Amino acid sequence: MKPRLIVSRQMPAPVAERIRAEFDCPWPEGRDMTPDEVLHQVTTTQAEALLLTSHLKFDAGLIGRLPAHLRIAATCSVGFEHIDVAAARARALPVTNTPDVLTDCTADLTMLLILAACRRAHEYDAIMRAGWRRGYGLGEMLGLRVSGKRLGIVGLGRIGQAVARRARGFGMTVLYSNPRRLPAEIEQGATFFADLREMLPHCDILSLHARGGPTTAGLMNAETFALLPKGAVFVNASRGGLVDEEALIAALTSGHLFAAGLDVFHNEPAFDRRLAELPNTFLIPHMGSATIETRTAMGMRALDNIAAVLSGRPPIDPLWN
Amino acid sequence: MVKPVLLVTRRLPPAVEARASAMFDARLNPEDAPRSGADILRLAQGADAVLCCPAEKLDGATIGALPATVKVLGTFSVGFDHIDIGACRVRNLPVVNTPDVLSVATAECCMLLILAAARRAGEGERMVRAGGWAGWAPTQLLGTQVSGRQLGIFGMGRIGRELARMARAFGMAVHYRDVARLPPEMEAGAIWHDDDASFLAASEVLSLNAPGGAATRNWLDAARIAQLPRGAVVVNAARGSLIDDAALIAALRSGQVGFAGLDVYAGEPALNPDYLTLENVVLLPHLGSATVETRNAMGHLALDGIEAVLAGRAPANLVR
């Protein structure tokens, strides 16, 4: 008999195919479920496993009501702000995420944000969609060259390191701030700053790759934006909570920042509409891991975690030990 | 000492105009008004040099009628299709251009087009800005991964090689098609193809970086598109004439080409209006070299060449 699984949201086709082959699941392709629907489905189908995504608030209230036959909850995401890990531990419910598999994809998107912000891709796209009627003068609509610039990376974890690798292909000088200095083979010549404030004046382009949460909330604010050189470019494909958007909008409006590229926002999807009224922003809807390859790999990794626990092995990517 | 007179046909970046005014008695065009051949002949009276732009057509008649005082013609471009070079030779008028300095900016534009097209950034941008973002979903706007893919570069000149360097940092395997194989130090591991079929089959991402002209007109046609892997990404920041637009549009509709990114168009600034009906294309208005740094470097190089000719020296950027 196949193990019983509930999927709380739509999955890419190859993931749904594997679910169909290996699990007993009423909606292998998933559908958007509320916490109450999840509880109802898990209970009525006697499910042993739950595959969820960040849309589901997996809080103490829901975890506490889950029946004992549920043996694992796997989130198809690397972030787990939507999960009350302490409540899961108290209930002895293994919960897992999907690290590693989205590193390259997110680093690619970060380079896209850097290029698009520096090269005014939003304004150029708008010109074309409006029917482009004239050539531009030689001093008109100019962007900034990316190659050879100084790139500051806040948080040189897996994704930060992958961004640094790509940036070196553009001959960029890499600076980083991190809770601790990393060994030389990871640094690859990048310059370490223990204090973000010390690094900012040296950054032509700044990219955030730090964790979310209370210790980093509002890391970029009026004071820290002011420490960047005039005309700097700011990109964020990590967490919207790292940025005081009021201060960002002010810096973009005053011209202190040349441009910003954002994949994440303080409030998603109800982001601050003033960002969309600025010409010097490039805004995309949290697409860091949005490739067929990566989303499939994330779903597969979540299923690997589920299969491990259901066959009595330890989870591969546990959120608590 | 009296400074030589330089006619500048169009408005240039401020740093370049400042230097032009310091070096020369510069006749600038602060309104950036377009200049006809007749305008140029009128404004060039008494000038020692002319710095023109690709927007002006300097045909044989215009070159022949330039005042005898004009000793050098500079163009703010790497290409010189707009200048009758034969007529310049007859008139013994040296021409200087701006090679090399655009390569990096144009290669960056190619990489931007590749990433933006493959990752559906145009669609995402328009959706967010129009207020149509309903929230994150695991299957929303799924693009295709760029890093680790095979990149085919058609035309491995300076820009192609700069693009190859950037692509290697994304872990891409670089394939190229050119008339001859490059020496190993220029190849840097890229794989040469001496026929279209094997090159196209390897090109999960195809970037056109060849010159325009009759030899490459409509190179990317329906037959060649059919040889690409299904769902390939196609980008062009070289010349619009390289692509058979109707064939590419059909392939973008059928899914044979998954995504395209274009900076140049046949007949620009007009373009095939069907492109505007497609979501899976990213379109830029021929601004491949449009960075402050590059345009300044172009201007300074053109001024250096003009200065060299007027001083009786051989310019490094003489068009031969």
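The values are calculated or read from the model by the stated rules, or taken from the named source; none is laboratory data. Note that the structure is predicted; figures quoted are calculated from it, not measured. Cβ atoms come from the backbone with ideal geometry, glycine included; neighbour counts cover every protein chain shown. The area values use the complete protein model at the heavy-atom level, side chains included, leaving out ligands, DNA and RNA. Shrake-Rupley method; radii C 1.70, N 1.55, O 1.52, S 1.80 Å.
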Residues of the stretch B:136-158 being within 7 Å of chain A (Cβ to nearest Cβ) and open to solvent by less than 10 Å² (accessible area, probe 1.4 Å), which ones?
B:138, B:143, B:146
Hey, could you check the stretch A:273-310 for residues that are among the hydrophobic types (A, V, I, L, M, F, W, C) and not in a helix (DSSP H, G or I) and say which is surrounded by the fewest Cβ atoms within 10 Å (Cβ to Cβ)?
A:278
Could you tell me whether residue B:107 is of a type in the set (A, V, I, L, M) and at the interface with chain A (Cβ under 9 Å from one of its Cβ atoms)?
yes
Quick one: is residue A:162 farther than 25 Å from residue A:279 by Cβ, at pLDDT 95 or above, aliphatic (A, V, I, L, M) and buried (at least 18 other Cβ atoms within 10 Å of the Cβ)?
yes
State all residues of the stretch B:36-55 that are buried (at least 20 other Cβ atoms within 10 Å of the Cβ) and part of a loop (DSSP other than H, G, I, E, B); if no residue qualifies, say none.
B:44, B:47, B:48, B:53
Selection from the stretch A:291-319 of residues over 20 Å from residue A:159 (Cβ atoms) and of a type in the set (Lys, Arg) yields A:313
Could you count how many residues in the stretch A:37-69 are touching a residue at least 40 places away in the same chain (Cβ under 8 Å), part of a loop (DSSP other than H, G, I, E, B) and within 14 Å of another protein chain (Cβ to nearest Cβ)?
3
Here is a check on your reading of the model: is residue A:99 open to solvent by 20 Å² or more (accessible area, probe 1.4 Å), farther than 27 Å from residue B:285 by Cβ and part of a loop (DSSP other than H, G, I, E, B)?
no
Which of the residues spanning the stretch A:133-155 are of a type in the set (A, V, I, L, M, F, W, C), touching an Asp or Glu at 6+ places or on another chain (Cβ under 8 Å) and facing chain B (nearest Cβ under 7 Å)?
A:141, A:144, A:146
Regarding the stretch A:255-273, can at least one residue be identified that is touching a strand residue (DSSP E or B) at 6+ places or on another chain (Cβ under 6 Å), assigned by TED's automatic domain parsing to the domain that holds residue A:233, more than 27 Å from residue B:143 (Cα to Cα) and of a type in the set (A, V, I, L, M, F, W, C)?
yes
Does any residue of the stretch A:229-240 turn out to be among the aromatic types (Phe, Trp, Tyr) and either assigned to a loop (DSSP other than H, G, I, E, B) or out of contact with any strand residue (DSSP E or B) (no Cβ under 8 Å at 6 or more places or on another chain) (or both)?
no
Residues (among the small types (Gly, Ala, Ser) and either without any contact (Cβ under 8 Å) to a residue 60 or more places away in the chain or touching a His at 6+ places or on another chain (Cβ under 9 Å) (or both)) located in the stretch A:87-116:
A:87, A:90, A:92, A:107, A:116
How do the pairs read when you match residues in the stretch B:1-25 that are more than 14 Å from chain A (Cβ to nearest Cβ) with residues anywhere that are of a type in the set (Ser, Thr, Tyr) and open to solvent by less than 10 Å² (accessible area, probe 1.4 Å), using Cβ under 9 Å and keeping only pairs 6 or more apart or on different chains?
none
Given (1) open to solvent by less than 10 Å² (accessible area, probe 1.4 Å); (2) in contact with a strand residue (DSSP E or B) (Cβ under 7 Å, 6 or more places away or on another chain), index of the condition residue A:204 fails:
(1)
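Okay, residues lined up against (1) part of a loop (DSSP other than H, G, I, E, B); (2) in contact (Cβ under 8 Å) with a residue 60 or more places away in the chain; (3) within 29 Å of residue A:122 (Cβ to Cβ); (4) more than 9 Å from chain A (Cβ to nearest Cβ):
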| residue | (1), (2), (3), (4) |
| --- | --- |
| B:126 | no, no, yes, no |
| B:131 | yes, no, yes, no |
| B:160 | no, no, yes, yes |
| B:165 | no, no, yes, no |
| B:176 | no, no, no, yes |
Do any residues in the stretch B:292-314 that are over 13 Å from residue B:15 (Cα atoms) have Cβ atoms under 8 Å from those of residues that are part of a helix (DSSP H, G or I) and not polar (S, T, N, Q), where the two are at least six apart or on different chains, and which pairs are they?
B:307/B:23; B:314/B:308
For the subset of the stretch B:87-103 comprising residues that are open to solvent by 30 Å² or more (accessible area, probe 1.4 Å) and in contact with a helix residue (DSSP H, G or I) (Cβ under 7 Å, 6 or more places away or on another chain), which member is farthest from the other protein chains (Cβ to nearest Cβ)?
B:91
Condition met for residue A:21 (open to solvent by 20 Å² or more (accessible area, probe 1.4 Å), outside any helix (DSSP H, G or I) and free of Cβ contacts under 8 Å to residues at least 12 places away in the same chain):
no
Every residue in the stretch A:248-262 that is surrounded by 15 or more Cβ atoms within 10 Å (Cβ to Cβ) and of a type outside the set (Gly, Ala, Ser), please.
A:248, A:249, A:252, A:256, A:257, A:258, A:262
Looking only at the stretch B:56-75, which residues are aliphatic (A, V, I, L, M) and either part of a loop (DSSP other than H, G, I, E, B) or in contact with a Cys (Cβ under 7 Å, 6 or more places away or on another chain) (or both)?
B:58, B:63, B:66, B:68, B:70, B:73
Report yes if some residue within the stretch B:99-121 is under 30 Å from residue B:68 (Cα atoms) and not in a helix (DSSP H, G or I); otherwise report no.
yes
Take residue A:110 and tell me if it is touching a Gly at 6+ places or on another chain (Cβ under 6 Å) and assigned to a helix (DSSP H, G or I).
no
Mind counting the residues in the stretch A:211-246 that are open to solvent by 20 Å² or more (accessible area, probe 1.4 Å) and not polar (S, T, N, Q)?
19
Can you confirm whether the stretch A:118-130 contains a residue that is modelled with pLDDT of 95 or more, outside any loop (DSSP other than H, G, I, E, B), out of contact with any Ser or Thr (no Cβ under 7 Å at 6 or more places or on another chain) and surrounded by fewer than 20 Cβ atoms within 10 Å (Cβ to Cβ)?
yes
Here are some conditions: (1) open to solvent by 10 Å² or more (accessible area, probe 1.4 Å); (2) under 29 Å from the mean Cα position of the chain (by Cα). Residue B:131 meets all but one. Which one does it not meet?
(2)
